[in-house]
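The values are calculated or read from the model by the stated rules, or taken from the named source; none is laboratory data. Quantities reported herein were computed from a predicted structural model and do not represent experimental measurements. The area values use the complete protein model at the heavy-atom level, side chains included, leaving out ligands, DNA and RNA. Shrake-Rupley method; radii C 1.70, N 1.55, O 1.52, S 1.80 Å.
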Amino acid sequence: LASNPGLSRRFPLRLDFPDYSIDELALIFEKVVERNGYVLDGGCGLAICEALEAFPDTVRRKFNGGLPEALFRVSRDHLSKRLNVVLMDATEAVTIKGEDILAGMQRLRQTMGEETKGRSNQTRQTNVVQRTNGPKPGGGQ
């Protein structure tokens with residue numbers, strides 16, 4: 001609307017959709033995992049939040065609900081590289097662990113390049129410490 005002043009006159013009704021919070025993005029991630037036939041290893045809630053918080057607010061606003069989808073894809077890719085097809089069982093082949101999520105986050109940040117710069121490790125660490133005392137995504141404790 002800002003690029004064409006005439007548009008705001010033609011479309012007087014505007015809908016404001018707030019961006020998802022970290023907890024909401026984590027729930028979306030859990031649903032994407034489930035929808036694709038995978039499961040999360042116990043205790044992944046903290047890794048999910050840490051991975052999502054690794055992205056600056058600008059990136060989370062830009063990708064919003066698409067960020068959990070992208071994080072799932074790279075986490076799944078890490079799972080497939082980690083597994084030993086000779087020794088694994090069927091459950092292990094579809095179980096995403098915290099290490100897959102964190103490695104996926106690193107990979108996704110690398111592919112996004114400069115967009116992901118600007119969020120300090122100290123800020124991430126502070127937020128992660130705060131989350132360990134609060135409710136986990138999905139209602140678990």
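State the dimensionless ratio Rg/Rh of segment 1-62 (Rg: radius of gyration of Cα atoms; Rh: Kirkwood radius).
Working: Rg = 17.4 Å, Rh = 14.4 Å.
On the Cα set of segment 1-62, Rg over Rh gives 1.20.
Can you give the accessible area per residue of segment 1-98, in Å², using a 1.4 Å probe?
Numbers: 5980 Å² over 98 residues.
Here the residues of segment 1-98 average 61 Å² of exposed surface.
For segment 1-92, calculate the relative contact order in percent as a whole number, restricting contacts to Cα pairs under 8 Å that are 6 or more residues apart. Numbers along the way, then the final one.
Numbers: 37 pairs, mean separation 29.5, N = 92.
It comes to 32 percent, rounded to a whole number.
For segment 11-124, with equal point scatterers placed on the C-alpha atoms only and solvent neglected, what are the log10 I(q)/I(0) values from the Debye formula at q = 0.20 1/Å, to two decimals?
Values returned for q = 0.20 Å⁻¹ are -1.04.
Can you compute 3J(HN,Hα) from phi for each residue in segment 94-109, using the Karplus curve 6.51 cos²θ - 1.76 cosθ + 1.60 with θ = phi - 60°, rounded to whole Hz and x for Gly and Pro?
Those phi angles translate into 10, 9, 8, 9, x, 5, 5, 5, 5, 5, x, 4, 4, 5, 5, 4 Hz.
Can you give me the long-range amide H partners of VAL39? Hydrogens built in the peptide plane at 1.01 Å from N, cutoff under 5 Å, separation of 5 or more residues or another chain.
The list, which skips near neighbours in sequence, is THR95, ILE96.
Would you mind checking the radius of gyration and Dmax of segment 27-90 based on alpha-carbon positions, in Å?
13.0, 42
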